[in-house]
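Remarks on the structure that follows.
The values are calculated or read from the model by the stated rules, or taken from the named source; none is laboratory data. Bear in mind the structure is a predicted one, so any value in this text is a computation, not a measurement. Here the Cβ is made from the backbone with ideal geometry for all residues, glycine too, and neighbour counts use every protein chain on show.
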Amino acid sequence: MKDKVKIIIVDDESLARQISKNYLSRYDNVEIAAECSNGFDAIKKINELKPDIILLDIQMPKLTGFEMLELIENPPIIIFTTAYDHFAIKAFEVSAVDYLLKPFSEERFEHALNKAIKLLDDKFSPDNLIKNVIAEHDKKIETLERIVIKDGGKINIIPANEIRWLEAQDDYVMIHSAQGKFLKQKTMKYFEDHLEETQFVRIHRSHIINLSYLQHLEQQETDSYKIILKNGHELPVSKSGLARLKATL
Amino acid sequence: MVGHPLINSPKNFLLYLLFWVLIVILYLNLIVLDREVELSKAILDIIVFNVLLLGLGIGFWFSAKYLSIENHKIFRIISNHLLEGAILISLWLLIGYFIVSNLVTDKDAYTNFFFATLKFRAALGIFTYFLLTSFYYIIIYYTGFQERRIKETELKNLVTEAELRSLKFQINPHFIFNSLNSMSALTEIDPKKAKQMIIKLAEFLRYTLATNDKQMVSLNEELKNIKLYLDIEKIRFEEKFEYVDEIDEICGKAQIPSMILQPLFENAIKHAVYETLDKVVLNLTCTKQDSFLKIVLQNNFESESHKKGAGVGINNIKERLRLIYQQDNLLEVKKENNLFRVTLYIPVDEK
């Protein structure tokens, strides 16, 4: 006999979890491994219990469903649930991930679950699918208010205004913040596009600075400038970077 | 376009006749008195010339109307009227003379009298022409001015209304869909509670949809609706928040704009209750201060939730209050430590 399908329900509202639980109770081949009411708890449980499927709500306090996804390694198959989120729904449509709009019927739920179980039987790896959703969702959000980073077992939430400067490092970006240094797997272009443009300027191919952390701009030779940050750190400024800096200031 | 001020209004026509009494007096003084002329001739002269000019005077209106100040150059208006005045008054003199001289027995004596007084007659005619024409222009200008003012006021009201409408509280789709989801779950888990929630949601929606942007309601009514809203949210969030209020008795009947407090509560739920894992206490107080109702909503929040300052909802209330009461600074926001406080000052009608 096959093992039961392990499911984790993540939703901050207990009634919303309850209805999914009720629907799931009618299946013999699934078991609810855990119920989580917030993102932190969910990440812990997911790493611990390695579920096959997650029922994931998007709007949750502290850590949204999308932010959670960025922090899970080898994510399982995910069925998204949301009551009303324009951006999220757009992202789901484009990346062809199944999602449930609350309130959903038992039939609709069954359809999504069967689809997920079939993918599971086919040994489908949802990695790329999830990367696509995140990428699509990234396109939709306008300004980034915070960045979530997993650092060992700890999850850090860095408010955008606490970022001092960003530095490109191969496929990663090093975030220098008031809380310390963190590596995040995103591109410089992503940060350039999504950080508040009146506050953050890309001064160089590999550097973005927070203007409130700028001490002064120094001319070295003709046409060559460098930036001194409040902590004394020096950064080079490229020609186009100087133009962007002047336009913003 | 403006109608004829004399023909369309008997009152004005009477005033016009009164004005003619003055003209007749002038006519007597300038032309008839102290001259050697028979009484019968004098009376005939007075009647014919004055009735003629009175009739012509009504006609002056049309040239004033069609040579409007807005659409013609001032030079053109003046030169046109000089020419027109000269022609009309000459015509008046010619016709008047023709009629009277043919009615009197002694034509030569009348001709002498007429030509001796011709310059006075011409002067009086021109004077009357310009006096009446100026009067007509003033009427046209004044009526146009009034109309413009009415239109401007109407336009301003329309703009204010449109602004108010756009600022009006709108039912938050998150709230609706999440409530529907909770109710859907409750129909399986606790049908009785589901029914209660549906009824509350229906009452809340009815109030929200029925009140318009300018409507005033009593504070008690508004609070009743807020309690419905909080009851519904309570089913969703359970023990995550608590509501406490302290309302001075005299405040309950005071009139406030409908749905003005609602967005404050929604804001608190969205930013504090939703983003905080601990329990949030919503504290509402209302006191009367001078001629204002002072309403304070305070709630704790997690200082590390990084949402930006006052949201759209709160700014909308501020703007609504400004438009309704024509006063700034009726809303204050204070954020310190872990407390978020919004204070509203609602002007009270003292009767």
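I want to confirm something. Restricting to the range A:60-82 and keeping residues that are within 11 Å of chain B (Cβ to nearest Cβ) and either touching a residue at least 40 places away in the same chain (Cβ under 8 Å) or among the basic types (Lys, Arg) (or both), which single residue is surrounded by the fewest Cβ atoms within 10 Å (Cβ to Cβ)?
A:Pro61
Restrict the check to the range B:269-281 and report whether at least one residue is more than 14 Å from chain A (Cβ to nearest Cβ), crowded, with 20+ Cβ neighbours inside 10 Å and farther than 19 Å from A:Asn38 by Cβ.
So far as the range B:269-281 goes, no, none of its residues is more than 14 Å from chain A (Cβ to nearest Cβ), crowded, with 20+ Cβ neighbours inside 10 Å and farther than 19 Å from A:Asn38 by Cβ.
Quick check: is even one residue across the range B:150-171 of a type outside the set (Asp, Glu), within 29 Å of B:Lys279 (Cβ to Cβ) and away from every other protein chain (no Cβ under 14 Å)?
Looking for residues that are of a type outside the set (Asp, Glu), within 29 Å of B:Lys279 (Cβ to Cβ) and away from every other protein chain (no Cβ under 14 Å), one finds at least one in the range B:150-171, hence yes.
In the range A:1-50, what residues are of a type in the set (A, V, I, L, M, F, W, C), under 19 Å from the mean Cα position of the chain (by Cα), in a helix (DSSP H, G or I) and more than 14 Å from every other protein chain (Cβ to nearest Cβ)?
A:Ile43, A:Ile46
May I ask you to say which residue of A:Ile175, A:Ile130, A:Ile77 is among the hydrophobic types (A, V, I, L, M, F, W, C), under 30 Å from A:Glu234 (Cβ atoms) and in contact with a strand residue (DSSP E or B) (Cβ under 7 Å, 6 or more places away or on another chain)?
The match here is A:Ile175.
Would you kindly identify the helices (runs of 4 or more DSSP H) lying entirely within the range A:99-195 that contain at least 1 residues that are more than 18 Å from the chain's Cα centre (by Cα), within 14 Å of chain B (Cβ to nearest Cβ) and in contact (Cβ under 8 Å) with a residue 24 or more places away in the chain?
A:106-121
Residue check, A:Ile19 against (1) at pLDDT 90 or above; (2) surrounded by fewer than 19 Cβ atoms within 10 Å (Cβ to Cβ), all met but one. Which one?
Checking A:Ile19 against (1) at pLDDT 90 or above; (2) surrounded by fewer than 19 Cβ atoms within 10 Å (Cβ to Cβ), the one that fails is (2).
A:Asn47 versus (1) under 22 Å from A:Asn156 (Cβ atoms); (2) buried (at least 19 other Cβ atoms within 10 Å of the Cβ): which is the lone unmet condition?
With (1) under 22 Å from A:Asn156 (Cβ atoms); (2) buried (at least 19 other Cβ atoms within 10 Å of the Cβ) applied to A:Asn47, the lone miss is (2).
Restricting to the range B:189-205, give me the number of residues that are of a type in the set (Lys, Arg) and surrounded by 15 or more Cβ atoms within 10 Å (Cβ to Cβ).
Of the residues in the range B:189-205, 2 are of a type in the set (Lys, Arg) and surrounded by 15 or more Cβ atoms within 10 Å (Cβ to Cβ).
Filter the range A:218-249 for residues that are of a type in the set (A, V, I, L, M, F, W, C) and surrounded by fewer than 14 Cβ atoms within 10 Å (Cβ to Cβ) and give the result.
Residues satisfying the conditions are A:Ala243, A:Ala247, A:Leu249.
Report yes if some residue within the range B:230-251 is within 14 Å of chain A (Cβ to nearest Cβ) and in contact with an Asp or Glu (Cβ under 7 Å, 6 or more places away or on another chain); otherwise report no.
Looking for residues that are within 14 Å of chain A (Cβ to nearest Cβ) and in contact with an Asp or Glu (Cβ under 7 Å, 6 or more places away or on another chain), one finds at least one in the range B:230-251, hence yes.
Quick test of your reading of the structure: B:Ile226 fulfils all but one of (1) among the β-branched types (Val, Ile, Thr); (2) away from chain A (no Cβ under 14 Å); (3) crowded, with 16+ Cβ neighbours inside 10 Å; (4) more than 30 Å from B:Lys288 (Cβ to Cβ). Name the failing condition by number.
Exception for B:Ile226: condition (4).
Is there a residue in the range B:37-54 that is in contact with a Ser or Thr (Cβ under 8 Å, 6 or more places away or on another chain) and either assigned to a helix (DSSP H, G or I) or more than 24 Å from B:Tyr110 (Cβ to Cβ) (or both)?
Yes, there is a match, as at least one residue in the range B:37-54 is in contact with a Ser or Thr (Cβ under 8 Å, 6 or more places away or on another chain) and either assigned to a helix (DSSP H, G or I) or more than 24 Å from B:Tyr110 (Cβ to Cβ) (or both).
Given the condition touching a Phe, Trp or Tyr at 6+ places or on another chain (Cβ under 8 Å), under 30 Å from A:His207 (Cβ atoms) and of a type outside the set (A, V, I, L, M), answer yes or no: does some residue in the range A:93-115 qualify?
Checking the range A:93-115: not a single residue is touching a Phe, Trp or Tyr at 6+ places or on another chain (Cβ under 8 Å), under 30 Å from A:His207 (Cβ atoms) and of a type outside the set (A, V, I, L, M).
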